[in-house]
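The values are calculated or read from the model by the stated rules, or taken from the named source; none is laboratory data. The structure presented is a predicted model; accordingly, all values stated were derived computationally and were not measured. Note: ideal-geometry Cβ built from the backbone for every residue, glycine included; neighbour counts use all protein chains shown. What goes into the accessible areas is simple: the full protein's heavy atoms, side chains included, and nothing from ligands, DNA or RNA. Shrake-Rupley method; radii C 1.70, N 1.55, O 1.52, S 1.80 Å.
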Amino acid sequence: MSITIEQNKMLIQMIKEFTANELAPLDMDIDSRGDYPDGLFQKVVKTGLLGMTLPREYGGADFDYVAASEALEKMATGNASMAVTLEGHFKTIEQFIKYGNKALNDKYLPSASKRIFAFSMTEPSGGSNPKGIATRAIKQGSNWVITGDKIMITNGGLAEVYCVLSKTEDDQLAIFVVDKDMPGFKFGKREDFIGLKGVPVGEVVLNHVVVPDSHLLGVIGQGLEIGDNAHADARVLMGAVLAGITEHELQTAVSYAKERKAMDTPLYQLQVTQEKIADIAIAKQNIQALYQKGANDKVAGKPYAEVAAMAKSYGSRSAVAAGDKALQILGGYGYSHEYPVEHLIRDARAMELAEGTIEKMNLEITNAEIAK
Ligand SMILES: Cc1cc2nc3c(=O)[nH]c(=O)nc-3n(C[C@H](O)[C@H](O)[C@H](O)COP(=O)(O)OP(=O)(O)OC[C@H]3O[C@@H](n4cnc5c(N)ncnc54)[C@H](O)[C@@H]3O)c2cc1C
């Protein structure tokens, strides 16, 4: 049974209310404490948000990417960290749905509405070139023994299930699913990142972790393809998060420009302020158009990797630039921790790096254009 327009509307209404009541009031607190306050993540789980995109057969709500990305945009308008926590989970589940075998999906997906799944590719040696990873998966009978070190993993420490890009003995790339409770698994350092302060981004260390054959996602040699697919899915959702951040910047700038006066004139009546507000509003609309095209093309079964890269490449740079304009409208207060603008710039800046750097995305966009 497919989702109705009415159910989509109810989802968005529920997200708006959850964001207004539970997330937006904590936005500044999450940034300053550098974590989610106790109990907040549990509320997200209790509200059923982890299962938003999970198929019904596994206990999820089965919303598609058009609905899920709109939901993350609305959430990011109140708090971008929680929207990115969900983005990391949704894009990982998506790879199980597309590439997972029945035994693996039957074992793991029923728990995906209660616990977070994460996707781990980056290593201390670098993230832009996945072919250079050192993590090894060695075949032993009907098992694989995995050893390696993954860093900068979104939801690292909070997530319980990890897709791990590894190299086999014959240097083929493959993705295996590991569980935090397996012997040899341990969490390492949490990154001290400058933005998205609620999201734990951390290290996962695997020391001879043994998984059965069924924990292989897709087939041996498909690791890069699955990684690229995960990037494309993540970039649609991050485009949505960036549209939400830009909306937050816009709302902050507009309400300040209405109240603050330059002599007797409200700031919004000054042409220099109007130009900045117009630029922020146009940026938001453009980011939205890009991520929505990515989501619609994905749902329609059309190619969407290029437009997804555009949504995150354009979206991250535009949200940072829009934040800078909003900061200028607020004057000295914009430069202060008292207002959210400075942390919105730091939040948006993460997405010039995570899920493929700007340079990598622009290379992919160029390659797609050259190939046309
Ligand atoms: C908030 C956040 C969340 C993250 N979450 C995850 C996650 O969930 N899972 C995960 O696996 N990783 C994650 N990462 C890591 C992220 O994917 C990497 O930071 C990114 O891939 C870049 O890798 P690097 O940091 O090692 O930089 P490097 O690869 O060392 O690159 C350094 C610089 O060189 C440029 N560069 C590198 N190679 C080339 C080239 N061939 N041509 C042109 N320029 C190049 C890069 O664009 C960059 O500017 C996250 C990062 C952040 C900031």
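Quick one: grab the alpha carbon gyration tensor of region 1-147, order the square roots of its eigenvalues as a ≥ b ≥ c, and give me rounded if a/c is under 1.5, else prolate or oblate depending on whether a/b is larger than b/c.
Since a/c reaches 1.5 but b/c is at least a/b, the shape of region 1-147 is classed as oblate.
Measuring nothing but how far apart in sequence close Cα pairs (under 8 Å, 6+ apart) lie, relative to its length, region 5-111 scores a relative contact order of 29 percent. Taking Cα centre as origin and charging only the Cβ of basic (Lys, Arg, +1) and acidic (Asp, Glu, -1) residues, the dipole magnitude of region 1-65 rounds to 180 debye. For region 117-220, a crude dipole built from +1 on the beta carbon of Lys and Arg and -1 on the beta carbon of Asp and Glu, taken about the Cα centre, is about 160 debye to the nearest 20. Using a probe of 1.4 angstrom and keeping all protein chains present, the accessible surface of region 86-205 works out to 39 square angstrom per residue.
Dipole size in debye (nearest 20) for region 53-205 around its Cα centre, Lys and Arg Cβ +1, Asp and Glu Cβ -1?
Values: 18 positive and 19 negative charges, 50 e Å.
With only Lys, Arg, Asp and Glu charged at Cβ, the dipole is about 240 debye.
Size descriptors for region 224-370: radius of gyration and Dmax over Cα atoms are 16.9, 60 Å. If you plug the beta carbon distance of S214 and A20 into 1/(1 + (r/R0)^6) with R0 = 41 Å, you get a FRET efficiency near 0.45. For the peptides 291-299, 308-316, the ranking by packing is 308-316, 291-299, with the highest mean count of neighbouring Cβ atoms within 10 Å listed first. As a fraction of the 1.4 Å probe accessible area of region 117-220, surface on carbon and sulfur atoms comes out at 53 percent. Would you work out what percent of the accessible area of region 224-370, with all protein chains in place, is carbon or sulfur (probe 1.4 Å)? So the carbon and sulfur contribution to the accessible surface is 55 percent. For G188, nonlocal amide neighbours, meaning residues 5 or more places apart or on other chains whose placed amide H falls under 5 Å from its own, are E203, V204, V205. Protection proxy ranking for 350-358, 208-216, 232-240, using the average of other Cβ atoms within 10 Å per residue and placing the highest first: 232-240, 350-358, 208-216.
Quick one: compute the contact order of the chain, relative version, from alpha carbon pairs under 8 angstrom and 6+ residues apart, as a percent.
Relative contact order, the chain: 16 percent.
Toward the positive end of the charge dipole of region 5-111, with +1 on the Cβ of Lys and Arg and -1 on the Cβ of Asp and Glu, the farthest Cα among I12, N105, I93 is that of N105.
Think of region 237-342 as a dipole: +1 on every Lys or Arg Cβ, -1 on every Asp or Glu Cβ, centred on the Cα centre; then among Q269, Y333, L250, L250 lies furthest on the positive end.
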